[in-house]
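Nothing in this text is a laboratory measurement; each read-out follows from the coordinates by a stated rule. Here the structure is a predicted model, which is why all the values come from computation and not from measurement. Backbone-built Cβ (ideal geometry, glycine too); neighbour counts: all protein chains shown.
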Amino acid sequence: MQEDTFMSMSKQVAQQLPYLRRYARALTGSQTTGDRYAAATLEAILADCALLSTEIDVKTALFRAFHTVWQTTGTPITEQSDEQGVEGRAQSLLGTLTPHTREALLLRSLEQFSYQQIGQIIDVSGTDAQELVAIAYSEMNQAVRGKVLVIEDEPLIALDISHIVTDMGHEVTAIARTRSEAVRHGLEQRPDLILADIHLADDSSGIDAVNDLLKHDADTPVIFITAYPERLLTGEKPEPAFLITKPFESEQVRSAVSQAMFFASTQTLNA
């Protein structure tokens, strides 16, 4: 690969790195582990620039390189994890899923790759990738039902989210528009899942509301929603395992809810 081409691709890789970290975090259920895999991917690319194939777009090539590392040097998700607590339980549950379904689902719903691109990344056909996503939805949706607190100040968005969640078989306990409302509803009826916007009606913070509630139950899974995900994927503080970008597709919400309820893996996100 010529030097100018490599430099151009390096800049593109840097732009996609926050999203690779987001994906790695969601896949592993751990910010530390996810970042380790992302770093290993960059090291592998530096050692062999051919991993960034010029025959496909840079993001697809980057994620394909990640999966090369994931499959050859990483700990398979079906093996026993040394993690304890919430992350340990999440890793144990990973082993119950059909192989490669979680990867395919995340690539589709979180990163919005096409089925053909997913096939290129995990080395299956596009048809097989589509089937893996369908299997993942089925297995996760059958695993658990629960109560969901929605923290969202835009009425139409809140209604849309509520419909998606209830259609999945979950119960929406309340819709909160402010930090104080969220805390009150969350303490009155403890949710199994919190789905929170960042900026609320009275200029209060959804992050603060979530952290207030997590003081009472630190293991409650959380899905954050924001129009600027890169602001929360800096690596400088604990990051959410589940982060949906606005505007979102219903498939993204279904995927995140299924995974968050199934794996129940979260961390506080300090303001």
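A few points about this structure:
- At an R0 of 25 angstrom, the distance between the Cβ atoms of Gln116 and Glu171 translates into a FRET efficiency of 0.10.
- Cβ crowding within 10 Å averaged over residues, with 195-201, 113-119 ranked highest first: 195-201, 113-119
- Summed side-chain charge close to Ile151 - residues other than Ile151 whose Cβ falls under 12 Å, Lys, Arg +1, Asp, Glu -1: -4
- Extension reserve of the Ser8-Leu159 stretch, reckoned as 0.36 nm per residue once the Cα distance is removed: 50.1 nm
- Stretchable slack from Asp123 to Asp219, in nm (0.36 nm times residue separation minus alpha-carbon distance): 31.1 nm
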